[in-house]
Amino acid sequence: MTLLEIHRLSLDLEVDGELRRIIHDVTLELDDGEAVGLVGESGAGKSMTSRAVIRLLPRGARLGGEVEFDGRSVPAMDARALRAYRSRDVAMIFQDARSHINPVRTIGAFLTEALVERGERKADAVTVVSELLETVGIHDVPHRLRQYPHELSGGMLQRVMIAAALAIRPRLLLADEPTTALDVTTQAEVMAHLDRQRRGRGLAMLFVTHDLELAAAVCDRIAVIYAGCLVEECPASTVHDRVLHPYTAGLLASRPSATRRAARLAAIPGRPQAAYEIAPGCPFVARCPYVVDLCRTTRPPLRLIGASRVACHRAEELAGQLSVGRFSGEERARA
Amino acid sequence: MATAAAIAEIAAPVRRRRHIDPVIVGASVLIGALVVVALLAPWISPYDPNSANILATNQGVSAAHWLGTDPSGRDVLSRLIWGARLSLLGPALIILIATTLGTVLAIASAWIGGLFDQVVSRVMDILFAFPGLVLAMVAVAMFGSGPIAPVVALSIAYTPYITRILRSASLRERNLPYISACYVGGVPARSICSRHLLPNIFPLLLTQAALSFGSALVTLAAVSYLGLGVQPPTATWGLMVATGQTAILAGHPGASIASGILIIVTVVAFNLLGDRLANRHAVQGL
C-alpha cells in the first residue's frame, strides 16, 4: 500500500527578492514499511525534498506538485491537521543532533515531551522512552534521562534522537543524513541500531544521504537526485550491477575501493550544479560523457525500464555499457 | 620514573569545582540582607520611625541613636530600616511588571513577526523617547502623587529596554534548529515559547532585570526626592535625602549622607550582580 506519494514536487525559495528553484521535479512513492534512499550531492535538493514531506520549509518557500501521506495532501493541511500529522505519523531524525536538542533541558524532558504533549501520562512516557533508550544501546538509562545534552557524546545524542523519533510510534521516518556528523565507527553502530529498529517495527523510511553504499545497504530502493531532478530510481539490490543513468554510474565510480588499485580516485568532471543553474535540457548535460544533441534541448522524462525508472534519453542504448572506467582518472588523462 | 600510584593520581578524574564568583555572592548577600532587614523592620528597628522628638534634633552618632537623628528628631537608623521596605518594593514591582510585559511582548513579536512585530517595535521606539523620570512626573501630574502613579509610569518606561534586548535574543533562538525540531515534533507554539525559548533567553532576562533594578531604584528615589512619590512622613531613602538636606547647611549632614550612601551601595550591588551574571552566562548582545 502506498504510504507516501510525492508527485512532481517542485520548490522555489526566495533569495534576495527573486525566486530560485531548488527542486525541479521529484516523483517518488513509498510503500508501508519500505525504505527508500534519497542519494545526491550537496545541494541537489535531497534534504529539501525530505523537509517538504514534513512541511519544514524556510519562510517564503513555494511548493509545487503534490505530497500525499496515506491519501491526505500534506500541503493542504491546516495547522491542526499538520500538528497531528507531525506528532503522530512522521518523525524526523536530523543530521546534527546537538543543535536539534534544546541545550537547557534534560534528555528526559526532550524524549517525553512529544508523548506528554499528546496527552500521555508522564510516568508512562518515561517508561516508554526508557525502554527505547535501552534498545538503541544506551545504558544507565535513569542517569541519562537526568543529564543535559552537553554531557552526552555525539553518537549518544544521535541515538537519543532516534529514540525520540521512535517514541511517537510514527509510520514514516525521515532520516536526514543521520550519521554524517559522526565518526566512522560510531556511524556504523548508530546506523545498525536505526536499521534494526526500523525493520523490527516495519516503519517506512526516507533516508537522505550522499553515501550510495550506505543507502544500498539499508534501503529497499534508491532514488538518485541531481540538481533538483530525480534522475534514477532503482531497487537497491541492482545498484551495483545495473545502473541506467550516467550520473549514478559516475557516483559509483567515484567511491574508493578496498580491492581495486587506482592511482587516482575517479571523479565526475565539472562541479555539482545547483538546481537554478541548469538549462532546459538534461540537468546532467554539462558533465555527462555520453551527451548527444537531444540531451541539450529536451529534458528527458522518467521512464520505466525493467524495475527501474530513469530519466535519460539513451538509457536503453547505454544499458550495460555504462562503465565505471569512463569516469576514471586514466580515461580522462587519455582524452 | 613515574610509579603506578603517581600515574593513577594524575589520571584520576578531577572533580571540577563549580567556579563561584565572589562578586555575585557578595552582591547577593548584601541584597538578601537588605530584603531581610526590610521584612523584619517592625522587630529590629530601635525606634518608631515616625516619632519626632524636638528635644533631640540633628544629633550625631551616639549610643542611643547609632546613626543620629534627623531635623525632626527622628532616629535615622530606624527610618533607614523602615525606608528599605518601600525603597525596595517600588523597584521590585517596576521590574516585575516591566520584565513580565517585556518578555511576553518580546517573545510574541519574535514569534509572530510581520506586522505585529513592526507595531510593537515602533511603539517601543516611541517609548524610548521619554526618559523614565519625565514619564513619572507626567503620571504624577495626571493621577496625583503617591506610590502608585510613579511605579506604573516607570514600569512602562522600563518595558522597552527589556523588550528590545529580549526580542533580538528570541529572534536568534527561534531560528535555531532545536526550535524547528520542536515544530516537527508537533509541539504547539505556546509550549515551544514557554518551555524552550524562554529558558534559553532566561540568563539574559535575569541580567537585564538586575541591571534595570539598580536604575529603577535610583529613578524612584529621585521621584521621592522631588516629593512626587511617597509622601512624608512615610520613610523612603529618596525622601530622607530630601528632608535631611535642610540640616546639611547647619552642619548636620548625617541623615542625607546615610540614606544617600545606602542608595549608592544598593544600586552598585545590583549593577555588579547584573554585570557578573552577564559575564557568567557569556551573554551576547549587551
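The values are calculated or read from the model by the stated rules, or taken from the named source; none is laboratory data. Computed from a predicted structure; not experimentally measured. FYI the Cβ positions are ideal-geometry reconstructions off the backbone, even for glycines, and counts take in every protein chain you see. Only protein heavy atoms, including side chains, enter the accessible area calculation; ligands, DNA and RNA are left aside. Shrake-Rupley method; radii C 1.70, N 1.55, O 1.52, S 1.80 Å.
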Exercise. Return one quarter of the surface area of the convex hull spanned by the alpha-carbon atoms of chain A, equal to its mean projected area, in nm².
Key: 18.8
Practice problem: Quickly estimate the mean residue ellipticity at 222 nm for chain A, helices only: each DSSP H run with n ≥ 4 gives -39500 (n - 2.57), and the total goes over all residues, rounded to 500. | Solution: -9500 deg cm²/dmol
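Counting only trypsin sites (Lys or Arg not before Pro) that sit in a DSSP loop (anything but H, G, I, E, B) with at most 12 other Cβ atoms within 10 Å, what is the longest stretch of chain A containing none of them?
On the way: sites that count: A:ARG59, A:ARG121, A:ARG260, A:ARG261, A:ARG264.
The segment A:122-259 is the longest one with no such site.
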Self-check item: Bins of 20 Å from zero: percent of alpha-carbon pairs in the protein assembly as shown
Solution: 16, 35, 26, 16, 7, 1
Quiz item: If one takes the longest principal axis of the Cα atoms in chain B, at what angle in degrees, from 0 to 90 and to the nearest 10, does the Cα axis of helix B:114-128 lie?
Solution: 30
Quiz item: Leaving out ligands, DNA and RNA, what percent of the accessible area of the protein assembly as shown is carbon and sulfur, probe 1.4 Å?
Solution: 60
Quiz item: Measuring from label point to label point, each 7 Å out along Cα→Cβ, what is the B:SER51 to A:ARG146 span in nm?
Solution: 5.5
Practice problem: Nearest 100 Å² is fine: how much accessible area is buried between A and B, summed over both sides, with a 1.4 Å probe? | Solution: 1600
Quiz item: Okay, which of region A:76-99 sit inside 11 Å, backbone N to the point 7 Å along the Cα-Cβ direction of A:ARG62?
Solution: none
Practice problem: Among A:GLY71, A:GLY33, A:GLY250, determine the one that fluctuates most according to a GNM of chain A built with springs between C-alpha atoms less than 10 Å apart. | Solution: A:GLY71
Exercise. Just report the Cα centroid separation between region A:239-313 and region A:190-221, whole Å.
Key: 24
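For A:LYS122 and A:THR185, compute 0.36 nm times the residue count separating them, minus their Cα-Cα distance, and round to one decimal in nm. Could you put the intermediate results ahead of the total?
Values: separation 63, 0.36 × 63 = 22.68 nm, distance 3.49 nm.
Contour length minus Cα-Cα distance gives 19.2 nm.
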Quiz item: Across every pair of different alpha-carbon atoms, what Kirkwood hydrodynamic radius in Å does region A:134-190 reach?
Solution: 12.2
Self-check item: Nearest 10 degrees, 0 to 90: helix B:22-39 Cα axis against chain B principal axis
Solution: 50
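With every protein chain kept in place and ligands, DNA and RNA left out, what is the accessible area per residue of region A:2-224? Probe 1.4 Å, answer in Å². Don't skip to the answer; put the middle values down first.
Numbers: 9030 Å² over 223 residues.
Averaged over the residues of region A:2-224, the accessible area is 40 Å².
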Quiz item: What number, rounded to the nearest 500 deg cm²/dmol, is the helix-based mean residue ellipticity at 222 nm of chain B, given -39500 (n - 2.57) per DSSP H run of at least four residues and division by all its residues?
Solution: -23500 deg cm²/dmol
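Provide the gained length on full extension for the span A:ASP16 to A:SER237, in nm with one decimal, where the gain is 0.36 nm per separating residue minus the Cα-Cα distance.
Working: separation 221, 0.36 × 221 = 79.56 nm, distance 4.33 nm.
Gain on extension, A:ASP16 to A:SER237, equals 75.2 nm.
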Quiz item: Which of B:LEU211, B:LEU39, B:LEU80 moves most in a GNM of chain B, Cα contacts under 10 Å?
Solution: B:LEU39
Practice problem: Mind giving me the nanometre distance, one decimal, between the label points for A:ALA81 and A:GLU277, set 7 Å out from Cα along Cα→Cβ? | Solution: 3.9
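Can you tell me the length gained on complete extension of the stretch B:PHE116 to B:SER191, counting 0.36 nm per residue apart and subtracting the Cα distance? Don't skip to the end; give the middle numbers.
On the way: separation 75, 0.36 × 75 = 27.00 nm, distance 2.00 nm.
That pair, B:PHE116 and B:SER191, stretches by 25.0 nm at full extension.
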Quiz prompt | Kirkwood-Stokes translational diffusion coefficient of region A:145-302, alpha-carbon pairs, 37 °C, 0.692 mPa s, µm²/s | solution = 182
Quiz item: At what distance in nm do the modelled label points of B:ILE20 and A:ASP70 sit from each other, each positioned 7 Å from its Cα along Cα→Cβ?
Solution: 5.5
Exercise. Could you tell me the distance between the Cα centroids of region B:54-116 and region A:1-43, to the nearest Å?
Key: 61
